[in-house]
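S.K.: Below you will find the structure I want to go over with you.
Bear in mind these aren't lab numbers, they're just calculated from the coordinates by the rules spelled out. The model shown is predicted, which means the values in this text are computed figures rather than measured ones. All Cβ positions, glycine included, derive from the backbone under ideal geometry; neighbour counts span all protein chains shown.
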Amino acid sequence: MELIFRNLCIKHGKKVIIKNMNMDFKGGQVVGLIGYNGVGKTTLLKAISGLKEFDGEILFDGMSLTKYRKKNDYPISILLNDIGIYRDLSAVDNIKIEAIYNNIPASNVESLIDACIGLAGLENDKKIPVRKYSLGMLRRLQISMLTIKKADVVLLDEPFNGLDQEGILLVRKLIEQYRKNRKIVFVSSHTLQELKLVCDKFMFVNKGEVSVRNNDKDIDIDKLYEDIIKR
């Protein structure tokens, strides 16, 4: 399994967000996206997910992602603050909709609902409108719903936001499961120490340039951030 970027360029209006990115990532790798607010981390994730236009190529196992979209079997799932949740519906109804969208057999939907609700810890709040949830509850629901789609590439935008320690442990556990299953995971976060714990590589985004560093036990992630982002 491999995700390849070739001459990737992304613009927001006239502003160049990413320029001439050429990189390869393999199954089982967890990559942390690091950079200032507004530098383009979320925009890059949206481009990979098909939500943002770009120039150049993104290939998954040798096939252009644009062709995957036409085949309706896009191998990517994404966690974003504003996507994938119907706030006037309950958690149960949101999970049902996601199950239908991903062609889950009707006979499996109830067990899937129970699994997602249990994973999110929302047993007592599963039938109330999601708009009444706290940020942490909403985030746990979104994270649990990621497991519905059997994606090969998983994009997590600020997954630790609003979570208590139990929620953070849930994210760590899910990321580790993706790694064991040889998925490719991108995690965008300003929580550098969490990225240090869960990532194999760090991708720094700064002024349109992208650079990658390997993680190891002796690396000082805060100093690395200062050296690369604040140079």
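S.K.: Which of the lysines could a cross-linker span from LYS19 if the Cα-Cα distance has to be under 22 Å and same-chain partners fewer than 8 positions apart are dropped?
M.R.: List returned: LYS11, LYS41, LYS46, LYS52, LYS201, LYS207, LYS230.
S.K.: Which of LEU197, LEU45, LEU65 ends up with the largest GNM mean-square fluctuation for the chain, with Cα atoms connected below 10 Å?
M.R.: The residue that fluctuates most here is LEU197.
S.K.: Oh, and also: Can you tell me the 0 to 90 degree angle between the C-alpha axis of helix 165-180 and the longest principal axis of the chain, rounded to 10?
M.R.: Between helix and principal axis, roughly 70 degrees.
S.K.: Could you please tell me the mean projected area of the C-alpha convex hull for region 87-149, averaged over all directions and given in square nanometres to one decimal?
M.R.: Approximately 3.7 nm², given one-decimal rounding.
S.K.: Can you tell me the convex hull volume per residue for the chain, based on C-alpha atoms, in Å³ to the nearest whole number?
M.R.: 128
S.K.: A further question follows. How big is the antiparallel share of DSSP beta bridges in the chain, given as a percent to the nearest 5?
M.R.: Here the antiparallel bridges make up roughly 55 percent for the chain.
S.K.: Would you mind computing, in nm to one decimal, how far apart the modelled labels at LYS207 and TYR86 are, each placed 7 Å from Cα along Cα→Cβ?
M.R.: 4.7
S.K.: Another question, if that's okay. Obtain the nm distance between the two label points defined at ASP227 and ARG6 by a simple spin-label model: each point lies 7 Å from its Cα along the Cα-to-C-beta direction.
M.R.: 3.3
S.K.: Counting other Cβ atoms within 10 Å, which GluC sites (Glu not before Pro) in region 61-158 have at most 11 and lie in a DSSP loop?
M.R.: Hits after loop and neighbour filter: GLU123.
S.K.: What ranking of ASP152, ASP61 emerges when the number of other C-beta atoms within 10 Å of each C-beta is taken as an exposure proxy, fewest first?
M.R.: Arranged by neighbour count, lowest to highest, ASP152, ASP61 become ASP61, ASP152.
S.K.: Kindly write out, for region 25-38 in residue order, the coupling ³J(HN,Hα) from the Karplus curve 6.51 cos²θ - 1.76 cosθ + 1.60 (θ = phi - 60°), rounded to whole Hz, with x marking Gly and Pro.
M.R.: 9, 10, x, x, 9, 10, 10, x, 8, 10, x, 4, 4, x
S.K.: DSSP loop (so not H, G, I, E, B), at most 15 other Cβ within 10 Å: list which trypsin sites (Lys or Arg not before Pro) in region 145-209 pass both filters.
M.R.: LYS150, ARG182, LYS207
S.K.: Between the alpha-carbon centers of region 83-132 and region 168-231, tell me the distance in whole angstrom.
M.R.: For region 83-132 versus region 168-231, the Cα centre distance is 30 Å.
S.K.: Taking the Cβ of ILE104 as the centre, find all other residues whose Cβ is under 12 Å away and add up their charges (Lys, Arg: +1; Asp, Glu: -1).
M.R.: Here the count lands on +1.
S.K.: Around LEU33, with a cut-off of 9 angstrom between Cβ atoms, what is the net charge of the other residues, counting Lys and Arg +1 and Asp and Glu -1?
M.R.: Once positives and negatives cancel, what remains is 0.
S.K.: Let me ask something additional. If I model region 12-136 as equal point scatterers sitting on the Cα atoms and use the Debye formula, what is log10 I(q)/I(0) at q = 0.09, 0.13, 0.14, 0.18 Å⁻¹?
M.R.: So the normalised log intensities are -0.37, -0.75, -0.85, -1.14.
S.K.: If I fit a long axis through the Cα atoms of helix 91-101 and take the longest principal axis of the Cα atoms of the chain, what angle between them do I get, 0 to 90°, rounded to 10?
M.R.: Rounded to the nearest ten degrees, it is 70.
S.K.: Normalised by the residues of region 87-149, what does the relative contact order come to in percent, with Cα pairs under 8 Å and at least six apart?
M.R.: 50
S.K.: By the gyration tensor of its Cα atoms, with a ≥ b ≥ c the square roots of the eigenvalues, what is the shape of region 183-231: rounded for a/c under 1.5, prolate for a/b over b/c, or oblate?
M.R.: Judged from the Cα gyration tensor, region 183-231 comes out oblate (a/c at least 1.5, b/c at or above a/b).
S.K.: Loop-only check: which GluC sites (Glu not before Pro) in region 1-94 are DSSP coil with at most 11 other Cβ within 10 angstrom?
M.R.: GLU53
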